[in-house]
Amino acid sequence: MRPAERSKPQYVARIERIEADARGGNVKVHVRWYYRPEESIGGRRQFHGSKEVFLSDHYDVQSADTIEAKCTVHSFKSYTKLDAVGNDDFFCRFEYNSATGAFNPDRVAVYCKCEMPYNPDDLMVQCEGCSDWFHPACIEMTAEEVKLLDHYFCETCLSEDPKKLQNSLASSVDLDTKVAIS
């Protein structure tokens, strides 16, 4: 929906109901607003994706003329499975209480040594031993190095069973397989 100031990004809302007057000339839409992280109490955090929005408890009635385009707000799970993310794609994993600043759910799973929630904008690598996920920087690798990996075992899994590294190399067809040791 069109913001009052053209320099601001478009607002995202879910249309709950459309109504028109008896002549059909005055069309109003009842909406439920999505908030961007920077519009919430507490603001944007490192784990918020660039296309993340929060479904709020803020309802409103707007003129249908303020609608500029259609977008799709995906569940977090379906967003992470998209082959390509378009300009009109967003995701929502939280509901937001605009008066209190509370989120539902109030907790989400955390990953990596840094114990941050997953951000779909950030590359992560999965350990083949424990299935945990890690940011390249947290395991002292670059994104480019991680992209070249065929196998990855985290420090914990390697310390528990150093043979995992040997077995992984022995079973690999490609002798140049890169295996990271964090």
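The values are calculated or read from the model by the stated rules, or taken from the named source; none is laboratory data. None of these values were measured; they are calculated from a predicted model. Cβ sites come from the backbone with ideal geometry, for glycine too, and all protein chains shown count toward neighbours. These accessible areas exclude ligands, DNA and RNA; they are computed on the full protein's heavy atoms, side chains included. Shrake-Rupley method; radii C 1.70, N 1.55, O 1.52, S 1.80 Å.
General remarks:
Condition check ((1) over 10 Å from the mean Cα position of the chain (by Cα); (2) of a type in the set (A, V, I, L, M); (3) exposed (fewer than 12 other Cβ atoms within 10 Å of the Cβ)) across all residues:
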site	(1), (2), (3)
Thr80	no, no, no
Asp83	yes, no, yes
Asn87	yes, no, yes
Arg93	no, no, no
Asn119	no, no, no
Met124	yes, yes, no
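- Among residues of the stretch 5-45 being within 19 Å of the chain's Cα centre (by Cα) and among the small types (Gly, Ala, Ser), the one that is modelled with the lowest pLDDT is Gly42.
- Restricting attention to the stretch 1-35 and to residues that are in a loop (DSSP other than H, G, I, E, B) and among the hydroxyl-bearing types (Ser, Thr, Tyr), the residue that is nearest to Phe90 (Cα to Cα) turns out to be Tyr11.
- The one condition in (1) among the aliphatic types (A, V, I, L, M); (2) open to solvent by less than 40 Å² (accessible area, probe 1.4 Å); (3) more than 30 Å from Tyr118 (Cβ to Cβ) that Leu55 fails to fulfil: (3)
- The set of residues in the stretch 95-113 that are open to solvent by 80 Å² or more (accessible area, probe 1.4 Å), closer than 20 Å to Val12 by Cα and without any contact (Cβ under 8 Å) to a residue 12 or more places away in the chain contains only Asn104.
- The number of residues in the stretch 3-14 being open to solvent by less than 80 Å² (accessible area, probe 1.4 Å) and under 14 Å from Ala64 (Cα atoms) comes to 3.
- Filtered by the rule that a residue be farther than 13 Å from Phe90 by Cα and modelled with pLDDT of 95 or more, the stretch 46-58 gives Ser56, Asp57, His58.
- Boolean, Ile41 is of a type outside the set (D, E, K, R) and touching a Gly at 6+ places or on another chain (Cβ under 6 Å): yes
- Scanning the stretch 36-68 for residues that are in a helix (DSSP H, G or I) and more than 16 Å from Asn104 (Cα to Cα) returns Glu38, Glu39, Ala64, Asp65, Thr66.
- Cβ-Cβ distances below 7 Å connect the following pairs, each with a first residue in the stretch 137-150 that is assigned to a helix (DSSP H, G or I), a second residue that is hydroxyl-bearing (Ser, Thr, Tyr) and modelled with pLDDT under 95, and a separation of six or more residues or different chains: Ile139/Ser182.
- Beta carbons closer than 6 Å, at least 6 apart along the sequence or on distinct chains, pair a first residue in the stretch 55-82 that is among the charged types (D, E, K, R) with a second that is at pLDDT 95 or above and open to solvent by less than 50 Å² (accessible area, probe 1.4 Å) for Asp60/Val31.
- Test result for His74, more than 17 Å from Met1 (Cα to Cα), part of a strand (DSSP E or B) and open to solvent by less than 70 Å² (accessible area, probe 1.4 Å): yes
- Figure legend. Inter-residue proximity from the stretch 120-133: first residues free of Cβ contacts under 8 Å to residues at least 60 places away in the same chain, second residues in a loop (DSSP other than H, G, I, E, B) and open to solvent by 50 Å² or more (accessible area, probe 1.4 Å), beta-carbon distance below 9 Å, spacing 6+ or different chains. Indicated pairs: Asp122/Gln46; Met124/Tyr118; Gln126/Asp132; Gly129/Asp161; Trp133/Tyr118.
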